[in-house]
Amino acid sequence: MNDTKLLPALPDRLSINPRSPHHVKEVFEHNIGIRLNGKERTDVEEYCISEGWVKVAAPKALDRRGQPLLIKLKGTVEAFYS
């Protein structure tokens with residue numbers, strides 16, 4: 001019935017990009033939620049709790065490698081398992 005597996009601790013900084021040094025594969029085996037200033041965000045690419053920022057993809061802008069440009073938004077960041 002209930003899944004009794006222990007969830008890995010959420011790191012202070014986490015990225016969804018597998019090429020990033022802040023990517024932790026074990027964390028992404030579960031659903032993660034991010035709140036910025038009390039509002040839940042679903043478009044977060046990377047976050048840092050201690051520094052208080054999240055990075056989200058710009059709507060149309062791409063870098064020279066074809067990856068979306070990331071915009072840094074500052075505020076109170078909370079990460080949780082949903």
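The values are calculated or read from the model by the stated rules, or taken from the named source; none is laboratory data. Note that the coordinates shown come from a computational prediction; the quantities given were computed from them, not determined experimentally. Note that each Cβ is placed from the backbone with ideal geometry, even for glycine, and that neighbours are counted across all protein chains shown.
Remarks
- One residue from Asn17, Asn31, Asn37 being exposed (fewer than 10 other Cβ atoms within 10 Å of the Cβ) and in contact (Cβ under 8 Å) with a residue 24 or more places away in the chain: Asn31
- Within region 1-58, the set of residues being outside any loop (DSSP other than H, G, I, E, B) and of a type in the set (Gly, Ala, Ser) comprises Ser15, Gly33, Ala57, Ala58.
- Residue match in region 39-54 (condition: at pLDDT below 95 and among the small types (Gly, Ala, Ser)): no
- Members of region 55-78 that are out of contact with any Asp or Glu (no Cβ under 8 Å at 6 or more places or on another chain), surrounded by 15 or more Cβ atoms within 10 Å (Cβ to Cβ) and among the small types (Gly, Ala, Ser): none
- Against the numbered list (1) assigned to a strand (DSSP E or B); (2) modelled with pLDDT of 95 or more, Ala61 comes up short only at (2).
- Within region 33-81, the set of residues being polar (S, T, N, Q) and within 13 Å of the chain's Cα centre (by Cα) comprises just one member, Thr42.
- Gly52 being surrounded by 11 or more Cβ atoms within 10 Å (Cβ to Cβ) and at positive phi: yes
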